[in-house]
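See below for the structure under consideration.
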Amino acid sequence: MQKIIDFHIHIFPDHVAVPAIDELARKSGIKPVIYTTLSNTLEYYRENGIFSGVNLPLATKPGQVGKINRFVAGLKEIFTFGAFYPADIDFENEAAFIKNSGLKGVKLHPEYMNFFPAEKKYDPMYRALDNAGLYVLFHSGKDIAFSGHHSAPRDFLEIKERFPGLKIILAHMGAWQMWEEAVNLLAGEDFFLDLSFTFGSAPRSLIEKMIYTHRSDRLLFASDLPWADPVMAINEINSMNLPARLLNAVFYKNAESILGAA
């Protein structure tokens, strides 16, 4: 059986999962695949032959990160990143807590956090993450629940110029609904690209172009569960008849290089 790590999912605590997901579904117009409590997600993965996933918690206002990070640090049955927030100030200590908890990175979402990531006033945050050796996974491009957008591919090229050692992962193949710009500007660059919420949104020809032109060690299978079905994405990738080495890289080996799992 093909080993698969789903690098972009969202786990909710049991007591808030249903109301929180229902509210997000109302705003986005997207029906969730499942209610992603930890137990529901693990059961879904077992039923569909998926090895594991990477939870990406999201802070939506200042002061939330401590509580979120102490919750996710206790998730032992699944991989998880930590939370960060650009308007907080204690970057160094929170980055140290995340690293010491064994977590490999953090998630930042320019829309939900209302920030423009290339602005230099956020350099102290990037410096703290860089110094801690943590990965930073950005939502990139547009978001279905928002009009306009706070980020585009060239923003992350600017950040990379200022922090060449910062380990950046860009969600949604580099920029959701900015597919051609992502392929033209990011293919071959030193970014990990996850493929979440890409299948069914991006033209298949551009997905294949990115997979074949981007660095094979920088592509990550991802779904965005509960908002997209990983089984559908798996079937789409399998239908591309990728070489076995590339398929393994996308489905799990590149994820393991980040997570330290084997």
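Is it true that Lys142 is among the basic types (Lys, Arg), at pLDDT below 95, farther than 22 Å from Met173 by Cα and surrounded by fewer than 21 Cβ atoms within 10 Å (Cβ to Cβ)? Criteria not met by Lys142.
Of the set (1) on the phi < 0 side of the Ramachandran plot; (2) buried (at least 19 other Cβ atoms within 10 Å of the Cβ), all apply to Asn131 but (2). Kindly indicate whether any position in region 38-55 is more than 19 Å from the chain's Cα centre (by Cα), within 26 Å of Asp88 (Cα to Cα) and assigned to a helix (DSSP H, G or I). No; the residues of region 38-55 include none that is more than 19 Å from the chain's Cα centre (by Cα), within 26 Å of Asp88 (Cα to Cα) and assigned to a helix (DSSP H, G or I). Every test in (1) at pLDDT below 95; (2) under 26 Å from Glu158 (Cβ atoms) is passed by Asp130 save one, and that test is (1). Among the residues of region 3-37, the ones that are among the basic types (Lys, Arg) and part of a loop (DSSP other than H, G, I, E, B) come to 2 in all.
Remark: pairs (first residue in region 220-243, more than 19 Å from Asn254 (Cα to Cα) and at pLDDT 95 or above; second residue of a type in the set (A, V, I, L, M) and surrounded by 22 or more Cβ atoms within 10 Å (Cβ to Cβ); Cβ separation under 7 Å; 6+ apart in sequence or on different chains) = Leu225/Ile9. Selection over region 92-109 of residues that are assigned to a helix (DSSP H, G or I), surrounded by fewer than 22 Cβ atoms within 10 Å (Cβ to Cβ) and not aliphatic (A, V, I, L, M) gives a count of 5. The set of residues in region 1-20 being under 18 Å from the mean Cα position of the chain (by Cα) and either modelled with pLDDT of 95 or more or of a type in the set (A, V, I, L, M) (or both) consists of Ile4, Ile5, Asp6, Phe7, His8, Ile9, His10, Ile11.
Every condition in (1) of a type outside the set (S, T, N, Q); (2) surrounded by fewer than 19 Cβ atoms within 10 Å (Cβ to Cβ); (3) without any contact (Cβ under 8 Å) to a residue 24 or more places away in the chain; (4) over 27 Å from Met173 (Cβ atoms) holds for Lys31 except the one numbered (4). Of the residues making up region 208-240, those that are touching a strand residue (DSSP E or B) at 6+ places or on another chain (Cβ under 9 Å) and under 17 Å from Lys142 (Cα atoms) are Ser223, Asp224, Ala228. Residues satisfying the criterion are present in region 240-250 (criterion: touching a Ser or Thr at 6+ places or on another chain (Cβ under 9 Å) and closer than 27 Å to Thr37 by Cα). None of Glu92, Glu161, Glu119, Glu111 is without any contact (Cβ under 8 Å) to a residue 60 or more places away in the chain and either among the aromatic types (Phe, Trp, Tyr) or over 25 Å from Pro62 (Cα atoms) (or both) except Glu161.
The values are calculated or read from the model by the stated rules, or taken from the named source; none is laboratory data. A quick note: this is a predicted structure, and the numbers were derived from the prediction, not measured. We place every Cβ from the backbone using ideal geometry, glycine too, and count neighbours over all the protein chains shown.
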